[in-house]
Amino acid sequence: MFDFLSNKFSSIFTTLTGQNKLTEKNIEETLTQIKESLLEADVPHKLIEEFMQSVSADVVGQKLLGSLKPGEQLIRIVHERLLAFLGGKNQSPFAFQLPSVIMVIGLQGSGKTTSVAKMAYNVQKQAEQRGKTRRILLASVDFYRPAAIDQLEQLSKQIGASFYRSSAVDPVKAAADIYSYYQKEGFELLFLDTAGRLHVDDTLLQELKDIDARLKPRYKMLVLDAMTGQESLNVAQAFDRSVGFNHALLSKMDSDTRGGAAFAFRYALQKPIVYVGVGEKIADLELFHPERMAGRILGMGDMLTLAEKAAATIKEAEQQKMHKALTQGKLTLQDFADQLTMMGKMGSLTQLAKYMPGMGGLNVTPDMLQKGEVELKGFKAIIGSMTPKERTSPRLLDASRKQRIAQGAGVQVADINALLSRFEQTQQFVKMFKGSGRFPGLF
Ligand SMILES: Nc1nc2c(ncn2[C@@H]2O[C@H](COP(=O)(O)OP(=O)(O)OP(=O)(O)O)[C@@H](O)[C@H]2O)c(=O)[nH]1
Ligand SMILES: [Mg+2]
């Protein structure tokens, strides 16, 4: 999902974070690159201009100094902007109010019928998790395609939801009939599937307006096919001007989709995208998370969160000391212990791993992380049992000193040797990173 945008952004930021200083020149180059990637992702030109302006304004207005590295700050600014565009932070997770009618609208083939079943299934599953059941009714007023109503009936059987077929053949009358059945039978949710057209046309819109006037559904859910790119924005605007809608579901985000649709939709219409369709199967529906999406677009994992956490937790002085040790290519066991303590303050390895981009590709299992955790605890105890001199010159550690330390730390001599070889490796790393100015990760 959003792979295209993600890859682009990642490569930009990889270049950027590899650099020590942000100059006016490389800020500009970066912003140009971001702009190009948005263009390629099919985001309308006008929106890109607005987005870029708001980012530039922030970059110019802020002093790129402080505990975060300049590259990280630029990422943070872009991330914040992107997040604002996608719907902002701290939204509470979406859930339908009960009872409600949900009228599902959209162009032909956008995924309305499938999405009706997916949403109903999703609501049911959520309720089941809390030991509840929901009384859900599915019905359709799609009289244009012969098998349309049968398709929904099939799906309702598949998910075990109730289905009602009106004998009326006029869509508005059928809608009214369905609605009274829904009320009479005391259902909590009615998902009403509607007909789609290849293009937005007035007859269709008028029909939807009439149904809307009759049923006054609390939710009018526009299903937008993410694969239609820029055109999806025009569709959304046409529906908005006539029937109006208050929520959107972005379907087919599993395809080779460009992130442009979500981006453009959110920005231009300012209505919430609440669900994302990610496949053809009933269970392939996710809630839309602006924060997660912004992170994915940037391809950063949650690096930013991590960077912020680090800045907040680790005192500047500690960080500088470490930075000096690292950039000079000299690392003592004391520095090593300090680094372990810093890590400890930031959270467990398992927690940290979640923030690291690319961890997925490394096949790190929870089990390995757990082991690492135990190992690190041992390391800290061992270093704690050393004299300051031993910490700066591990060469002093002969058999009898190791014996003493092992006893003090409650470990085996073999554990000390493991620590020393790990330390050796880290030193090699540090030498490699020397002078690059990068904080070489925590390992
Ligand atoms: N890959 C993928 N396919 C989807 C998704 N949502 C729907 N589809 C497929 O898109 C096609 C059209 O879906 P429908 O639900 O029938 O679309 P519709 O809007 O009801 O179409 P009409 O009733 O003809 O207007 C079907 O083949 C679905 O399986 C999705 O999130 N991912
Ligand atoms: Mg349909």
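The values are calculated or read from the model by the stated rules, or taken from the named source; none is laboratory data. Please read all numbers here as calculations on a predicted model, not as lab measurements. We place every Cβ from the backbone using ideal geometry, glycine too, and count neighbours over all the protein chains shown. These accessible areas exclude ligands, DNA and RNA; they are computed on the full protein's heavy atoms, side chains included. Shrake-Rupley method; radii C 1.70, N 1.55, O 1.52, S 1.80 Å.
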> Failed condition for ALA213, given (1) away from ligand 1 (no atom under 16 Å from the Cβ); (2) open to solvent by 70 Å² or more (accessible area, probe 1.4 Å), with all others met?
Replying inline: (2)
> Which residue pairs have Cβ atoms under 7 Å apart, sit 6 or more places apart or on different chains, and have a first residue in the stretch 161-173 that is over 21 Å from ALA120 (Cβ atoms) and a second that is among the β-branched types (Val, Ile, Thr) and surrounded by 16 or more Cβ atoms within 10 Å (Cβ to Cβ)?
Replying inline: VAL172/ILE211
>> Can you tell me which residue is modelled with the lowest pLDDT among those in the stretch 98-131 that are within 10 Å of ligand 2 (Cβ to nearest atom) and hydroxyl-bearing (Ser, Thr, Tyr)?
In response: SER110
>> When you check LEU155 against the structure, is it crowded, with 17+ Cβ neighbours inside 10 Å, within 16 Å of ligand 1 (Cβ to nearest atom) and farther than 24 Å from LEU205 by Cα, yes or no?
In response: yes
> Any idea how many residues of the stretch 94-112 are at positive phi and open to solvent by 10 Å² or more (accessible area, probe 1.4 Å)?
Replying inline: 2
> Does the stretch 117-168 hold any residues that are among the basic types (Lys, Arg) and out of contact with any helix residue (DSSP H, G or I) (no Cβ under 7 Å at 6 or more places or on another chain), and which are they?
Replying inline: LYS118, LYS125, ARG130, LYS132, ARG135, ARG145, LYS157
> What are the residues in the stretch 394-430 that are more than 22 Å from GLN339 (Cα to Cα) and in contact with a Lys or Arg (Cβ under 6 Å, 6 or more places away or on another chain), if any?
Replying inline: VAL413
>> Given the criteria modelled with pLDDT under 95 and more than 16 Å from ligand 2 (Cβ to nearest atom), does PRO70 qualify?
In response: yes
>> Kindly evaluate ALA127 against the criterion of being within 16 Å of ligand 1 (Cβ to nearest atom) and either within 25 Å of LYS281 (Cβ to Cβ) or surrounded by 16 or more Cβ atoms within 10 Å (Cβ to Cβ) (or both).
In response: no
> ARG165: charged (D, E, K, R) and within 16 Å of ligand 2 (Cβ to nearest atom), yes or no?
Replying inline: yes
>> The conditions are (1) open to solvent by 20 Å² or more (accessible area, probe 1.4 Å); (2) away from ligand 2 (no atom under 12 Å from the Cβ), and ALA147 fails exactly one of them. Which is it?
In response: (2)
